[in-house]
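Okay, so here's the structure we're looking at.
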Amino acid sequence: MMQRWGLAGALGVWLWACPVGALESRTVQGELTADDEKAGDRFVDLYQFSGQAGDKVAIEARSKNLDTFIFLFDSTSEDLATDNNSSDGTNSLLVFELPKTGQYLIAVSTAVPNQLGKYELSWRTATQVDQWRVEASQFNL
Ligand SMILES: [Ca+2]
């Protein structure tokens, strides 16, 4: 299993230094490369966003060559949620209601050790369709 606490804990100061704003939709083209940070035997990229208490956020990671895995942390490095395959195929989709107004951290990693490659990460206000997709994926287990 990944070393979640050490990973986000190192970023605590940086998280608090940023102003808290409303939840904004973002789509990022990212790539896990050999010089990225590692948590155990998996490479990790980190992304920060801010939101308000009660915001329902959908976080999705998609890739053609990675088996994506995503983590959501709050500003105290507490592990809030994870997802492996709730999007299509091995892609990840997480729907989560933010418990408080503040900064949050998304970690994009992989379910398979030592995978490298490009991915697309997006986060947005969750829709009913996002919720249905997560629920539908649970029936496929
Ligand atoms: Ca996956």
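The values are calculated or read from the model by the stated rules, or taken from the named source; none is laboratory data. Nothing here was measured: the structure is a model prediction, and the numbers come from that model. Ideal geometry is used to build each Cβ from the backbone, glycine not excepted, and the neighbour counts take in all protein chains shown.
For the range 80-102, which residues satisfy the criterion of being assigned to a strand (DSSP E or B) and surrounded by fewer than 22 Cβ atoms within 10 Å (Cβ to Cβ)?
Hits for the range 80-102 are LEU80, ALA81, THR82, VAL95, PHE96, GLU97, GLY102.
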Count - residues of the range 66-93 that are more than 19 Å from GLN48 (Cα to Cα), at pLDDT 95 or above and in contact with a helix residue (DSSP H, G or I) (Cβ under 9 Å, 6 or more places away or on another chain) | 3
Output the number of residues of the range 82-119 satisfying the condition of being free of Cβ contacts under 8 Å to residues at least 60 places away in the same chain, within 14 Å of the ligand (Cβ to nearest atom) and farther than 15 Å from ALA39 by Cα.
-> 12
Which of the residues belonging to the range 20-45 are modelled with pLDDT of 90 or more and of a type in the set (Val, Ile, Thr)?
-> THR27, VAL28, THR33, VAL44
State yes or no: is SER77 in a strand (DSSP E or B), buried (at least 16 other Cβ atoms within 10 Å of the Cβ), touching a residue at least 60 places away in the same chain (Cβ under 8 Å) and of a type in the set (Ser, Thr, Tyr)?
-> no
In the range 120-133, the residues that are among the aliphatic types (A, V, I, L, M), touching a residue at least 12 places away in the same chain (Cβ under 8 Å) and more than 14 Å from the ligand (Cβ to nearest atom) = ALA126
